[in-house]
Amino acid sequence: MPVLQINTNIRKENFTEKFNSNLVDVFAQTLNKPKEFCVLHVLADQLLTFAGTSEPCAYVILMSIGQLGVEENKKHSKAIMDELEKIGIPPNRMYIVFNDSHPSQSISSKLSNLPEWAQKEKVKIDVSKTKPEKFRVEFDEKEWNFLKQKLSLTRYFTPLKDVPKFDYGFDPEYAKELIDYWNTKFDWKSQVDFLNKYPQFRVNINDTILHYVHYVTNPSAEKKVNLLLLDGWPGSFFGFYKMIDFIDQNYKDTSYNIIVPSIPGYGYSNPLNKKSSPLEASLIFNSLMEFLCGENVKYYVHGEDWGSIIATILTQLFPQRISGIHITLPLVSETGLKNLICLLFTPIFPSYFLTDKEMRLNYSVRYPLRNKIWTLWDEFGYFHLQSTRPDTIGHGLTDSPVGLMAFILEKYSFWSFNKKEQISGRKDGGLNNFDKNYLLTIITMYWMSNSITSSMRFYANAIQMMLNFRNSNLDFLNLPTPKNVPVSVQTYINEIFVIPKRVIETKYANLVRYNIFENGGHFASFQNPENTTKDFIEFIMQIELNVEV
């Protein structure tokens, strides 16, 4: 009766028996532990591509509970195998797998390492020598004429008649329509005025040019709250303008000190001549907040896309500074055993793993591993490119405005709507639901700032960062957030990946608020600024007033 002892990796074996829910009971009864901690999983049809065979594929997982040693695990394994044999599984088909990797430090001890490390690596700003410069986006007529010339020279390709529009990416006929509008009707000069709506500055921090918006609502209000708003790719600082408008117009009893930085390498936080990852961005953004608001500043963070990941890291590095984070894309590793169990078993026991609303919104179909594998295949080609060869694709996007437009606006289509119901076969891929001028402002800003390549490098730098820290005591990805930092997760139904609340709670130790909105997708503040802002401010009120809002 083989016992497979492994170190963190889960082994795959062929296994011809069908799933039997009694197996879970065997684990629970033998170990005298709750079922959710004792899981045997046999999956007949969902992981065939991993197994490389048409036969059913199985994972048999025995979770180590607490700090059990090797001998204790072997004793439990023998007892379980005896029980499995009693219910008809031949001994030569049994594979007991357990994790014998026991960290020398507790999670709380590892978490305490992060602020200590952050203090040593903290970006120090000499206030006497560092002075922000006022910044305005300028209309450069020469550059604008050059862009229009490039647009007029665009070469198109023939669309396929037997493939629904947008099924192969950005539709060539719609691209032609947008290029014509961009070249003949789009008013970049008036959009420059829009970009300058709120005060902007640039400052050099740690040899990094950092662009940011700084605006204070209702300065005469007695109550003061500091906000840091963080976007991601392919977004921009002005994606938060509607949020700022809504806060300014609807919350008069509080003065919100709002800072919106552009991630290093994005937009006007450019040029960038050295690596920058979410870790470096976190260090710089906290230094910016201390520089602008005082070294003992407390602030709330709203994060989308990379902004969610940076917000998460900020809680780990500077828990004493963060009053709370409100994020739309939680950073959760699903390689941990608890989350892997949820991933595998949600289709079988959906009511156990999902909330009532998650059940109603079909998470039991959207969350499981088979769906995730398909989503990775269908949607994450860009991620692989940007994580491995950003400079190669950068050559094309830096010199081709139509390439830049198609590459970015495809994301605003596929990440905002349901592909099957709202995109496939539609000439515009759903993009006509948005203001055409706004979409082209995003593209023109990336073009004029020449920042597409430096923004894509952020992916490669982030992957390197995670790998560098993976096996250290600074494992940002797998360590939870501190218990003293409140977290709110607001997600939209058409987000690329859906993550159940049960899984989110394994990463975010103090999840005080969790909402799913049914109209929208990845670009929360762009697509639904009112709902996003309300949820953020209600979260702040919940923390500040210590009441449920």
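The values are calculated or read from the model by the stated rules, or taken from the named source; none is laboratory data. Remember, it's a predicted structure, so these values are computed and weren't measured experimentally. Cβ sites come from the backbone with ideal geometry, for glycine too, and all protein chains shown count toward neighbours. Surface areas here come from the heavy atoms of the whole protein model, side chains and all, with no ligands, DNA or RNA. Shrake-Rupley method; radii C 1.70, N 1.55, O 1.52, S 1.80 Å.
Some observations on this one:
The rows are residues; the columns are (1) free of Cβ contacts under 8 Å to residues at least 60 places away in the same chain; (2) open to solvent by less than 50 Å² (accessible area, probe 1.4 Å).
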| site | (1), (2) |
| --- | --- |
| F476 | no, yes |
| T481 | no, yes |
| E495 | no, yes |
| V503 | no, yes |
| K507 | no, yes |
| G521 | no, yes |
| F526 | no, yes |
| E530 | no, no |
| N546 | yes, no |
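- Some residue of segment 139-161 being assigned to a helix (DSSP H, G or I), over 30 Å from E379 (Cα atoms) and under 29 Å from the mean Cα position of the chain (by Cα): no
- Taking segment 183-226 as the range and being touching a residue at least 60 places away in the same chain (Cβ under 8 Å) and of a type in the set (S, T, N, Q) as the test, the residues that pass are Q191, N196, Q200, N204, N206, T208, N226.
- Matching residues, segment 114-138, being in a loop (DSSP other than H, G, I, E, B), at pLDDT 85 or above, open to solvent by less than 100 Å² (accessible area, probe 1.4 Å) and within 21 Å of N286 (Cα to Cα): T130, P132
- Residue in segment 426-442 that is at pLDDT below 90 and either open to solvent by less than 30 Å² (accessible area, probe 1.4 Å) or on the phi < 0 side of the Ramachandran plot (or both) present: yes
- Exclusive hit being surrounded by fewer than 17 Cβ atoms within 10 Å (Cβ to Cβ), under 23 Å from the mean Cα position of the chain (by Cα) and modelled with pLDDT of 80 or more, set M405, M359: M359
- Boolean, K197 is open to solvent by 90 Å² or more (accessible area, probe 1.4 Å) and in contact with a Pro (Cβ under 8 Å, 6 or more places away or on another chain): no
- Number of the condition not met by L369 [criteria: (1) surrounded by fewer than 19 Cβ atoms within 10 Å (Cβ to Cβ); (2) more than 21 Å from the chain's Cα centre (by Cα)]: (2)
- Looking across segment 373-402 at every residue that is of a type in the set (G, A, S) and touching a residue at least 12 places away in the same chain (Cβ under 8 Å), the one that is least open to solvent (accessible area, probe 1.4 Å) is identified as G394.
- Scanning segment 227-255 for residues that are of a type in the set (S, T, Y), touching a residue at least 40 places away in the same chain (Cβ under 8 Å) and open to solvent by less than 10 Å² (accessible area, probe 1.4 Å) yields a single hit, Y241.
- Selected residue (criterion: farthest from I179 (Cα to Cα)) from residues of segment 139-166 that are open to solvent by less than 100 Å² (accessible area, probe 1.4 Å) and among the acidic types (D, E): D140
- Qualifying residue in segment 374-392 (condition: within 24 Å of S152 (Cα to Cα) and at pLDDT 95 or above): no
- Check on S351, small (G, A, S) and open to solvent by less than 50 Å² (accessible area, probe 1.4 Å): no
- Test for K150: is it out of contact with any Ser or Thr (no Cβ under 8 Å at 6 or more places or on another chain) and either of a type in the set (K, R) or more than 30 Å from M243 (Cα to Cα) (or both): no
- Of the numbered criteria (1) farther than 17 Å from I327 by Cα; (2) touching a residue at least 12 places away in the same chain (Cβ under 8 Å); (3) open to solvent by 30 Å² or more (accessible area, probe 1.4 Å), the one M466 fails is (2).
- Test: residue in segment 218-240 that is in a strand (DSSP E or B), over 25 Å from V127 (Cα atoms) and either in contact with a His (Cβ under 8 Å, 6 or more places away or on another chain) or modelled with pLDDT of 95 or more (or both): yes
- If you go through segment 177-194 and keep only what is crowded, with 16+ Cβ neighbours inside 10 Å and not aromatic (F, W, Y), you end up with L178, I179, N183, Q191, V192.
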